[in-house]
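The values are calculated or read from the model by the stated rules, or taken from the named source; none is laboratory data. Worth saying up front: this structure is predicted, and the values here are computed from it rather than measured. Please note: Cβ atoms are built from the backbone with ideal geometry, for glycine as well, and neighbour counts cover all protein chains shown. Heavy atoms of the whole protein, side chains included, go into the accessibility calculation; ligands, DNA and RNA do not. Shrake-Rupley method; radii C 1.70, N 1.55, O 1.52, S 1.80 Å.
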Amino acid sequence: MNAIRNNITVIRSSLAEGVELCAVSKFHPCEAIQEAYDAGQRIFGESRVQELTVKYEALPKDIEWHMIGHLQTNKVRAIAPFISLIESCDSARLLECINREAERCGRKQIDCLLEIHVAAEESKSGWDWYELLKWLQSGALQRLPHLRIRGVMGMATNTDDEAVVRADFQRLALYFDYLRPIFGDDFDTLSMGMSDDYRLAIECGSTMVRIGSSIFGSRVY
Ligand SMILES: *Cc1c(COP(=O)(O)O)cnc(C)c1O
């Protein structure tokens, strides 16, 4: 029996058309990722730079790595040469740093998502919506030609109350729709939904779900 392959097949068949699967492999070993890779999975999400670079070195080079955890500016350099998508862009300082590092390592552009804070927990990261608007209106993005802003990422409140989770996802979808005309055709990704809430996220318009424990089992911290 191959549990990981099986989980991927089941989850894939439950995704609406056009929804991409980011397999969140944080804290799981390379062997587990290789199993998912052998089942056809190519997009993997990690939340720590150190772990991500080790796995990048060890695993097939056609994997698309997504950074999904809070990213410190002094860690950007280590992933800039190979990262496919930085989903957790939560500040102007970080975006400026990614722009610099992209240029430095000779990449024309690095794909980024704007992580927006909608959850009730203050501890979760992400832009405050109004701060983000203010920053965008200042024209700051025009000075960051090495970024390609692909969309929005967010996490819902950690609660069993479905109405609260739905409201969070609906807010993210609203922000996504609002920003879309500003960025144009490249802006096509709304990353929301995890193991416990991805079905709801898809109902609310998600185009990319980030699923860890339902694929790899629970994490050992
Ligand atoms: C860990 C993590 C996930 C995956 O969570 P699961 O509940 O294991 O599916 C998704 N998104 C982010 C940002 C994470 O840190």
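Take residues that are without any contact (Cβ under 8 Å) to a residue 40 or more places away in the chain and tell me which of the strands (runs of 3 or more DSSP E) falling wholly in the range 1-106 contain 3 or more. It would help to see each step written out before you state the result.
Values: elements: 20-24, 43-46, 64-67, 85-89.
Hits in the range 1-106: 64-67.
I'm told L172 meets every condition in (1) touching a residue at least 40 places away in the same chain (Cβ under 8 Å); (2) open to solvent by 50 Å² or more (accessible area, probe 1.4 Å) except one. Can you identify the failing condition by its number?
The one condition L172 does not meet is (2).
Quick check on my filter: what residues within the range 183-196 are away from the ligand (no atom under 16 Å from the Cβ) and touching a residue at least 24 places away in the same chain (Cβ under 8 Å)?
The initial filter retains those residues of the range 183-196 that are away from the ligand (no atom under 16 Å from the Cβ), namely 183-188.
Within the range 183-196, F183, D186, F187, D188 qualify.
Working only within the range 203-220, note down all residues that are open to solvent by 30 Å² or more (accessible area, probe 1.4 Å) and under 18 Å from G18 (Cα atoms).
Initially, the range 203-220 is screened for residues open to solvent by 30 Å² or more (accessible area, probe 1.4 Å), giving 203, 205, 207, 213-214, 218-220.
Within the range 203-220, E203, G205, T207 qualify.
Which condition breaks for P29 when tested against (1) closer than 22 Å to S206 by Cα; (2) open to solvent by 30 Å² or more (accessible area, probe 1.4 Å); (3) not small (G, A, S)?
Exception for P29: condition (1).
Of R199, R171, R166, R180, which residue is of a type outside the set (G, A, S), within 13 Å of the ligand (Cβ to nearest atom), more than 17 Å from H70 (Cβ to Cβ) and not in a strand (DSSP E or B)? Break it down into steps so the answer makes sense when it comes.
Values: R171 fails: within 13 Å of the ligand (Cβ to nearest atom); R166 fails: within 13 Å of the ligand (Cβ to nearest atom); R180 fails: within 13 Å of the ligand (Cβ to nearest atom).
Being of a type outside the set (G, A, S), within 13 Å of the ligand (Cβ to nearest atom), more than 17 Å from H70 (Cβ to Cβ) and not in a strand (DSSP E or B) holds for just one of R199, R171, R166, R180, which is R199.
Would you call T207 away from the ligand (no atom under 13 Å from the Cβ), closer than 30 Å to E31 by Cα and not small (G, A, S)?
On the way: away from the ligand (no atom under 13 Å from the Cβ): yes; closer than 30 Å to E31 by Cα: yes; not small (G, A, S): yes.
Answer is yes for this residue.
Select from the range 85-106 the residues that are among the charged types (D, E, K, R) and either out of contact with any Asp or Glu (no Cβ under 7 Å at 6 or more places or on another chain) or closer than 25 Å to D62 by Cα (or both) and list them in ascending order.
If we filter the range 85-106 for residues that are among the charged types (D, E, K, R), which is where we start, we get 87, 90, 93, 96, 100-101, 103-104.
Passing the criteria: E87, R93, E96, R100, E101, E103, R104.
Could you go through the range 145-156 and let me know if any residue there is closer than 19 Å to L113 by Cα, more than 19 Å from the chain's Cα centre (by Cα) and either among the hydroxyl-bearing types (S, T, Y) or surrounded by fewer than 22 Cβ atoms within 10 Å (Cβ to Cβ) (or both). Show your work before the answer.
Of all residues in the range 145-156, those closer than 19 Å to L113 by Cα come to 145-156.
Right, trim to more than 19 Å from the chain's Cα centre (by Cα) and you get 145.
If we keep only those that are either among the hydroxyl-bearing types (S, T, Y) or surrounded by fewer than 22 Cβ atoms within 10 Å (Cβ to Cβ) (or both) as well, we get 145.
Yes: one or more hits.
Could you pull out the residue among E87, E46 that is among the acidic types (D, E), in contact with a helix residue (DSSP H, G or I) (Cβ under 7 Å, 6 or more places away or on another chain) and within 14 Å of the ligand (Cβ to nearest atom)? Talk me through it step by step, then tell me what you get.
Numbers: E87 fails: in contact with a helix residue (DSSP H, G or I) (Cβ under 7 Å, 6 or more places away or on another chain).
E46 is the lone residue from the list that is among the acidic types (D, E), in contact with a helix residue (DSSP H, G or I) (Cβ under 7 Å, 6 or more places away or on another chain) and within 14 Å of the ligand (Cβ to nearest atom).
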